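Quick notes on the structure that follows.
The values are calculated or read from the model by the stated rules, or taken from the named source; none is laboratory data. For clarity, every value in this text was computed on a predicted model and none was experimentally measured. The area values use the complete protein model at the heavy-atom level, side chains included, leaving out ligands, DNA and RNA. Shrake-Rupley method; radii C 1.70, N 1.55, O 1.52, S 1.80 Å.
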Amino acid sequence: MSVDPNARTQDLPPGGPDGRSLGGAARWAVPVLVGAAVAVVLGVYGRFHDPAGTAFNLAGFSSTGAVKSWLATAAFAFGLVQLGSALAMYGRLPGVRPGSWTPVLHRWSGRVAFLLAVPVAVHCLYALGYQTQSARAAWHSLLGCFFFGAFSAKMLLLRMERLPGWLLPVVGGLVFAVLTVLWLTSALWFFRTFGATA
């Protein structure tokens with residue numbers, strides 16, 4: 001299902017199936033609750049299981065940290081493509097007219113970014129767990145769980161009709177902002193600490 005960012009949004013009909021009025025925020029409760037549940041489950045799993053130390057490594061990389069950092073960097077790069085294509089679709093890039101291919105680019109860059117982020121998250125949760133030994137690790141752990149919860153809520157909101165025009169850009173911007181902080185507290189930190197080598 002594609003979303004036309006230029007489509008006029010509509011309000012809900014005045015009454016629900018039982019005749020009572022449905023508030024706009026009440027419609028978003030399910031995606032928000034599902035997103036919160038995803039974040040909490042990931043955090044609880046990461047906190048209470050015994051970290052394995054390593055989950056994967058790829059030939060050609062010097063360490064698991066290097067694999068994760070390069071995958072996270074690729075995910076962040078596709079996140080930048082998502083941001084640029086979203087800004088183009090919403091008419092927020094001066095002098096840029098989105099082509100008919102822009103929504104396709106937006107959807108696929110998001111899918112690729114997510115697929116690249118999944119093995120990073122699996123390793124973080126399985127091999128390292130929810131860490132709090134430093135401020136950087138604590139923020140990274142917290143925001144990593146929050147990212148997948150916010151992403152889940154966004155995917156559910158995309159399936160809903162008659163959303164306010166501001167909602168998806170705000171949620172998408174939040175997901176991108178959290179991805180940025182995750183990259184800063186993981187891949188960039190790794191590159192600055194150990195060098196940008198494979």
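Using a probe of 1.4 Å, the accessible surface attributed to W139 totals some 150 Å² when neighbouring protein chains are kept in position.
Residue ranking by accessible heavy-atom surface, 1.4 Å probe, largest first, among F48, F147 comes out as F48, F147.
With the whole protein complex present, T132 retains an accessible surface near 80 Å², based on a 1.4 Å probe. Remark: the stretch 153-161, residue by residue, has Karplus-estimated 3J(HN,Hα) of 4, 4, 4, 6, 5, 4, 7, 8, 9 Hz, where x stands for each Gly or Pro and the curve is 6.51 cos²θ - 1.76 cosθ + 1.60 at θ = phi - 60°. Per residue, the convex hull spanned by the Cα atoms of the stretch 125-198 measures out at 116 cubic angstrom.
Residue order by solvent-accessible surface for R107, R27 is R107, R27, largest first, with ligands and nucleic acids left out and a 1.4 Å probe. When the alpha carbon gyration tensor of the stretch 53-198 is reduced to an equivalent ellipsoid, its three semi-axes come out at 30, 17, 13 angstrom, largest first.
The value given for the stretch 117-168 is a Kirkwood hydrodynamic radius of 12.7 Å, derived from the mean inverse Cα-Cα separation. Taking all protein chains together and rolling a 1.4 Å probe, H49 ends up with roughly 30 Å² accessible.
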